[in-house]
1. Could you tell me how many degrees, from 0 to 90 and to the nearest 10, lie between the Cα long axis of helix 74-92 and the main elongation axis, the longest principal axis, of the Cα atoms of the chain?
2. Can you tell me, using C-alpha contacts under 8 Å and at least 6 residues apart, the relative contact order of the chain as a whole percent?
3. Per the helix-only calculation at 222 nm, which mean residue ellipticity applies to the chain, given -39500 (n - 2.57) for every DSSP H run of n ≥ 4 and division by its residues, nearest 500 deg cm²/dmol?
4. Can you give me the C-alpha center-to-center distance between segment 40-59 and segment 124-138, rounded to a whole angstrom?
5. Counting other beta carbons within 10 Å of each residue's own, what order do Asp134, Asp5, Asp99 fall into, fewest first?
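Please treat every number below as a calculation from the coordinates, not as lab data. Just so you know, these numbers come straight off a predicted model, no measurement behind them. Every residue, glycine as well, gets a Cβ built from its backbone with ideal geometry; the counts of neighbours run over all protein chains shown.
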Amino acid sequence: MEALDRFASHYGPLLGRLLLAYIFVLSGIGKIGSFTATAAYMASKGMPLPELLLVGALLVELGGGVLLILGWNARLAALALFLFLIPTTLIFHGYWGLDPAAAGAQMIHFNKNLAIMGGMVYIIAFGAGPLSLDSRRR
């Protein structure tokens, strides 16, 4: 069990950061490829200046995702992604008031975002772990 603990404490934080960052990097790349359609969708949700907000979303998703992967300023990156997820979750995945078919899918996305936020809180609290650029600075 001690060997498993050493392995998990050494490699676990890196794996966790990679898995958490994956969704943000993938989403950011997807938004670049469908910039106009994504901006139109944001506008349909009542967001002002959707193109400008979309550029901000791209910076947070791609920048935060890359910083998590590298483990560089990981606590700040996790905080930025945590804060980004609050309006994203409420605006785009609010399932209340939807018909049952649409509500089910949005509830899944809403809960998935809450789980991701939990991962971000963990990084904010404990840092990037030993296999990170943050740990090399110490």
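1. 20 degrees
2. Values: 138 pairs, mean separation 43.0, N = 138.
Relative contact order comes out at 31 percent.
3. Roughly -26000 deg cm²/dmol at 222 nm, from the helical runs in the chain.
4. 33 Å
5. Asp99, Asp5, Asp134
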